[in-house]
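Here, each number is a calculation from the coordinates, and none is a lab measurement. Everything numeric in this text was worked out from a predicted model, so none of it was measured. Every residue, glycine among them, receives a Cβ derived from its backbone with ideal geometry; neighbour counts consider all protein chains shown.
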C-alpha cells in the first residue's frame, strides 16, 4: 500500500510498540520521584514521539498523494491538471524528506527512490551547468544510484543547452531537490543568464493487482479447433479502476488466453500510466523553471559560486571538488 516506503513504515511501527507504555510511565509517581530514571524515560518518550509524529506525517502525505492523483480523472482542463501534477510532486517530495528523517532516526536502510532531473542553460551558463551535472552524476553514482536515459541537447551555437536523466537509488530525491531553481550566472553586474534545474519524483509502473481485475470465461466463437464452442476457452479481463477490457479467444486453451489478456492489460496500463507520468513531469518541470529568487548563483568573471543558505559556500571556487560537493549537498539536507 505504501510502495517504496513500506519497509520504513513497518520498521517505525515496530519501534513504536512501546510508545504508549513509555508515555504512561511518565505519569507514575515512583518514576517521577526518581529524577534520573524520569529523565531517562522522558528522553525515550521524546524519541518515540518524534518517530510517531514523522510516521503520521508520512502516511498522511502518501494518502493525500493518492487522493490527489485520483482527482486527475475529474480534471476538466489542462490548467487544472497542471495544478494537480504540481501538488502530487510536492507531496512526493515531502514524503521523501520525512522518510529520510525516519531512516536516520531508526538507523535503517533508506528507501530506493527514482527521480527525473533536467538542467537547462544558455551559452555562458552552459559551462557552469555541464560542470554541475558532472558533479551531480558523480555524487549519485558514488552512492550506488543508477543514471538512466541521459539526454544531451546541443544548441546551434555548439554549446550544451539541456541535459536530462533519470536517477534511481537511495535518497536521490532528497539529494537533488535542494539544487532546484532558476539560478543566476552573472556575466557582469548588469548582465546575467539563468541556469535552471528541475527535479521531480518519477513513479515506476507497478504490476497489475489481481484484486483490481474481473475475469470472465465464455465459449469462443469462430475458427480455432475442436475446443471452440464446446468448452469455455475465451477470456474477458476487465481492469476495474480504469474500465479497460481485453478479450482473448484466439488460443485453444483458457490458460493461454488468460495469459495473453493479462499481458495486454499490463501493456495498456503501462502506456496509459507513462502518458500521465510524462504530463506530470513536464508540468512540474515548467513550474520549477519559472521559480525566482533562488539561493544559488555563479560568477562567470571569477569562476565562483555562492549559496546564501550556507556560510561556508558564500563564495567558493567552482567547480567544487567531489568532497566539497558532498559536504555542500549534505549541508543543504541538514538545514
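Is any residue of the stretch 1-34 close enough, with backbone N under 18 Å, to a label point placed 7 angstrom from the Cα of residue 70 along the Cα-Cβ axis, and if so, which? What the label zone holds, given the 18 Å backbone N cut-off, is 1-3.
Taking the Cα atoms of the chain, the ratio Rg/Rh between the radius of gyration and the Kirkwood radius comes to 1.10.
When the P(r) of the stretch 73-122 is calculated, the portion above 17 Å amounts to 56% of the C-alpha pairs.
Remark: spin-label model distance residue 218-residue 253 equals 2.4 nm, labels positioned 7 Å along the Cα→Cβ axis.
Between residue 39 and residue 153, the contour length at 0.36 nm per residue exceeds the alpha carbon distance by 35.1 nm.
Among 114-127, 268-281, what's the highest-first ranking by average C-beta atoms within 10 angstrom per residue? Present the calculation step by step, with values, prior to reporting the outcome.
Details: 114-127: 21.5, 268-281: 15.6.
Sorting 114-127, 268-281 by mean packing, highest first, produces 114-127, 268-281.
Computing FRET efficiency as 1/(1 + (r/R0)^6) for residue 302 and residue 330, where r is the C-beta to C-beta distance and R0 is 25 Å, gives about 0.45. Among 28-40, 73-85, sorting by the average number of other beta carbon atoms lying within 10 angstrom of each residue, highest first, gives 73-85, 28-40. Helix-only arithmetic for the chain: the sum of -39500 (n - 2.57) across DSSP H runs with n ≥ 4, divided by the residue total, places the mean residue ellipticity at 222 nm at -16000 deg cm²/dmol.
Here each label is just a point 7 Å from Cα along the line to Cβ, and for residue 282 and residue 244 those points are 2.0 nm apart. Using all alpha carbons of the stretch 3-106, what is the percent of pairwise distances in each 5 Å bin, ordered from the shortest bin to the longest? Histogram of Cα-Cα distances, whole percents per bin: 2, 12, 18, 15, 12, 11, 9, 7, 5, 4, 2, 2, 1.
Here's the picture: a label point sits 7 Å out from the Cα of residue 83 along the beta-carbon direction, and within the stretch 179-203 nothing has its amide nitrogen under 18 Å of it.
Extension gain for the segment residue 46 to residue 323, taken as residue separation times 0.36 nm less the Cα-Cα distance, is 96.3 nm to one decimal.
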